[in-house]
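Just below is one structure, and these are the notes that go with it.
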Amino acid sequence: MLELVRASHGLKKLYILRIVGKIDNLGATGIKCFLEGLQNLRYLREVSIWKKLGRDGALAKGIRGIIGMKSVESLDLWNNELGPEGGKNVAETLEGLENLNSLRLSCNKMGVAACRSIVQRSRTHPKLEFLDLSGNGIEDGSETASDLRRAAPHVHLFFR
């Protein structure tokens, strides 16, 4: 993992980053360091981290390292078990992702309160258009889903 962190600090042009599959030996500090190393990539447009990166909620704690990725337009954190803490941390990073227009947070077990926090932060985001919150305890067609859609009418919210 140390080599991956070093590589992230030395990259110049990277447009799409996809990390797929479970990587157990990575802690919150390693994830945060890796993500911070990607902040200066002016060309990075799409980041996908799928299927439980890190151990024991490491991504939920380390996700704040993504806050300075100003060029990222699409962030996909599908199936990482972020939980309520990770959802709260994602909400806090939204303002630092100023070009983000698509955010996929499906299957992360965040719960209603974390989803509500993310939607509240999305209300003032200048470019966010699509937000997938399916698989986080909110059913499409429910009163909660309707309330969240009314709270951020400019954002297309997805629930399943």
Restricting the first residue to segment 100-115 and requiring it to be on the phi < 0 side of the Ramachandran plot and modelled with pLDDT of 95 or more, which pairs with a second residue that is open to solvent by 50 Å² or more (accessible area, probe 1.4 Å) and of a type in the set (D, E, K, R) meet a Cβ separation below 6 Å and a spacing of at least six or different chains? ASN101/GLU73; ASN101/LYS127; ASN101/GLU129; ALA114/LYS88
Which condition breaks for LEU4 when tested against (1) modelled with pLDDT of 75 or more; (2) open to solvent by 60 Å² or more (accessible area, probe 1.4 Å); (3) assigned to a helix (DSSP H, G or I)? (1)
With (1) assigned to a strand (DSSP E or B); (2) modelled with pLDDT of 80 or more as the list, and PRO84 as the residue in question, which single condition is left unmet? (1)
Counting only residues that are part of a helix (DSSP H, G or I) and more than 19 Å from ARG42 (Cα to Cα), which one in segment 87-107 is most open to solvent (accessible area, probe 1.4 Å)? LYS88
With the checklist (1) part of a loop (DSSP other than H, G, I, E, B); (2) within 22 Å of LEU44 (Cβ to Cβ); (3) open to solvent by 40 Å² or more (accessible area, probe 1.4 Å) in hand, flag the one item GLY137 doesn't pass. (2)
Take the conditions hydroxyl-bearing (Ser, Thr, Tyr), within 20 Å of THR29 (Cα to Cα) and out of contact with any strand residue (DSSP E or B) (no Cβ under 7 Å at 6 or more places or on another chain) and apply them to THR144. Does it pass? no
Answer from ILE31, ILE49, ILE16 - the residue that is farther than 18 Å from ARG121 by Cβ, modelled with pLDDT of 75 or more and surrounded by fewer than 16 Cβ atoms within 10 Å (Cβ to Cβ): ILE16
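The values are calculated or read from the model by the stated rules, or taken from the named source; none is laboratory data. The structure displayed is predicted, hence computed values, not measured ones. Cβ atoms come from the backbone with ideal geometry, glycine included; neighbour counts cover every protein chain shown. Side chains included, ligands, DNA and RNA excluded: accessible areas come from the protein's heavy atoms. Shrake-Rupley method; radii C 1.70, N 1.55, O 1.52, S 1.80 Å.
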